[in-house]
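These notes concern the structure reproduced below.
The values are calculated or read from the model by the stated rules, or taken from the named source; none is laboratory data. The model shown is predicted, which means the values in this text are computed figures rather than measured ones. Every residue, glycine as well, gets a Cβ built from its backbone with ideal geometry; the counts of neighbours run over all protein chains shown.
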Amino acid sequence: MSDLYNVAAVTTPISSPSAKIDTFLRDSDAPTPFVVIDVDLVEERYAQLVQAIPAARVYYAVKANPALPILRRLVALGSAFDVASPAEIDRCLEAGANPDDISYGNTIKKRRDIAYAHSCGVRRYTVDVEAELDKVAVEAPGASVCVRLRHDCGGADWPLSRKFGAEAPDVVRVLALAGKAGLESGVSFHVGSQQRDLSAWDDTLEVVAEIVERARNQGANPSFVNLGGGFPGTYREAAPAIDAYGAAVRTALAKWFPLGLTEVMVEPGRYLVADAGLLRSEVVLVSRRSPADSERWIYLDCGKFHGLAETMDEAIRYRLRTPHDGQTGGPVVLAGPTCDSADVLYEKSSYELPLALAEGDMVDILSAGAYTTTYSSVGFNGFPPLQEHYV
């Protein structure tokens, strides 16, 4: 394996919260739990991604964090948007997005939702089966169709392979049908969220190149490729720097599409907003399940039902900050406050926290700007939704 694909060779430096976030935390008396986002950091990440893959148009994955301050900033920067529902379309339009810059990327859509999107001026729709293509052809005539290829998502902390995408022969067949229907077409894939294997794009683009050639031999003309997301946030495990991702993607595109494409899309969500946010929570209880246990149970006022759903199967392992960092620590189990046995965050991932940590202390969950506010329940067990602040 070359250094280009060597994760150890190009790791992302561990980031700390911005000065603006720390100032907000110092001056605010907002009740916990809450997320605070530095929107300037979103802009910084956007610029870094554009520089890393200049040939690609950025379609921000709105599901990562649909807050209007973020969307308005991205509109001003020239971003396009990947949406999953009519509500996200409305949110983008409210933020000032042009409907031509919106891609309806969910492969599972009601007919009336496709019709609504079409009425709003949205032209691009992702499908992965013939039945969905038929709905788009009827409800959004003249649409641009992106056919999603299934990816096994090896190397990703949060795989996306079970629910979405078709095998390569089926992608060719659907592309051919789109061509017969007179629809513009392209191919999309997603290598999985928090992908740390830089070779994932090269391996998949090889398959995409074969699909495009076979589809053209059947009369279709796929003209664009959607590279999906997968670019990382900064969690406990090291990940490559964005420049390394950019080099890997640029090399793979030049290798498999030497003549270029009409358009190359990327759909970052986590990369743009994760590190821009911090989630502050309060310690509700510290206990041991029995006197003989070496592990303490740390119960926070924020858990899986308050925005930390990505701790499911301990897939996303957040970095933590406490007022006692640097002091003697010991092993812990982290759990949320609800009366639900599933509300355990980390039991197997070998977290350690200071022994001095006590009820009433604050625990800051770093890089929590993505997939937190949108995963928060509206009132499970009577707890209010996760609050959000933007600086």
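Those residues that are surrounded by 21 or more Cβ atoms within 10 Å (Cβ to Cβ) and at negative phi, I need them from the range 300-310; list them, please. Within the range 300-310, Leu300, Cys302, Gly303, Lys304, Phe305, His306, Leu308, Glu310 qualify. Scanning the range 109-128 for residues that are within 16 Å of Val174 (Cα to Cα) and modelled with pLDDT of 95 or more returns Arg124, Tyr125, Thr126, Val127.
Scanning the range 378-388 turns up no residue that is surrounded by fewer than 19 Cβ atoms within 10 Å (Cβ to Cβ), aliphatic (A, V, I, L, M) and farther than 30 Å from Arg91 by Cα.
Is it the case that Leu357 is assigned to a strand (DSSP E or B) and either surrounded by fewer than 20 Cβ atoms within 10 Å (Cβ to Cβ) or assigned by TED's automatic domain parsing to the domain that holds Gly382 (or both)? Against the criterion (assigned to a strand (DSSP E or B) and either surrounded by fewer than 20 Cβ atoms within 10 Å (Cβ to Cβ) or assigned by TED's automatic domain parsing to the domain that holds Gly382 (or both)), Leu357 does not qualify.
Does the range 297-314 contain at least one residue that is among the aliphatic types (A, V, I, L, M) and more than 14 Å from Tyr375 (Cβ to Cβ)? Among the residues of the range 297-314, at least one is among the aliphatic types (A, V, I, L, M) and more than 14 Å from Tyr375 (Cβ to Cβ), which makes the answer yes. For residues that are of a type in the set (Gly, Ala, Ser) and farther than 21 Å from Ala61 by Cα, scanning just the range 249-276, find the one that is modelled with the lowest pLDDT. Checking each candidate, the answer is Gly260.
Scanning the range 225-255 for residues that are in contact with a Gly (Cβ under 7 Å, 6 or more places away or on another chain) and either more than 11 Å from Leu205 (Cβ to Cβ) or among the hydroxyl-bearing types (Ser, Thr, Tyr) (or both) returns Asn226, Gly229, Gly230.
Of all residues in the range 283-294, those being charged (D, E, K, R) and over 21 Å from Cys339 (Cβ atoms) number 1. Any residue at all in the range 319-329 that is among the basic types (Lys, Arg), under 21 Å from Gln195 (Cα atoms) and either surrounded by 18 or more Cβ atoms within 10 Å (Cβ to Cβ) or out of contact with any Pro (no Cβ under 8 Å at 6 or more places or on another chain) (or both)? Yes. Just one of the numbered conditions (1) within 21 Å of the chain's Cα centre (by Cα); (2) buried (at least 22 other Cβ atoms within 10 Å of the Cβ); (3) within 19 Å of Gly369 (Cα to Cα) is not true of Ala56: (3).
Would you pick out the residues in the range 166-180 that are surrounded by fewer than 17 Cβ atoms within 10 Å (Cβ to Cβ) and not in a helix (DSSP H, G or I)? Correct list: Glu167 only.
Condition check ((1) in contact (Cβ under 8 Å) with a residue 40 or more places away in the chain; (2) within 25 Å of Arg124 (Cα to Cα); (3) part of a helix (DSSP H, G or I); (4) not assigned by TED's automatic domain parsing to the domain that holds Arg150) across all residues:
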site	(1), (2), (3), (4)
His190	yes, yes, no, no
Leu198	yes, no, no, no
Ala215	yes, yes, yes, no
Gly219	yes, yes, no, no
Gly229	yes, yes, no, no
Ala238	yes, no, no, no
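Kindly indicate whether any position in the range 360-375 is over 23 Å from Arg270 (Cα atoms) and surrounded by 14 or more Cβ atoms within 10 Å (Cβ to Cβ). Yes. Against the test of being touching a strand residue (DSSP E or B) at 6+ places or on another chain (Cβ under 9 Å), surrounded by fewer than 20 Cβ atoms within 10 Å (Cβ to Cβ) and in a loop (DSSP other than H, G, I, E, B), the options Ser290, Ser341, Ser350 yield a single qualifying residue, Ser350. Tell me, yes or no, whether the range 267-279 has at least one residue that is assigned to a strand (DSSP E or B) and over 28 Å from Leu41 (Cα atoms). No, the range 267-279 contains no residue that is assigned to a strand (DSSP E or B) and over 28 Å from Leu41 (Cα atoms). A single member of Gly326, Gly303, Gly260 is in the same structural domain as Asp202 (by TED's automatic domain parsing) and out of contact with any strand residue (DSSP E or B) (no Cβ under 6 Å at 6 or more places or on another chain), and it is Gly260.
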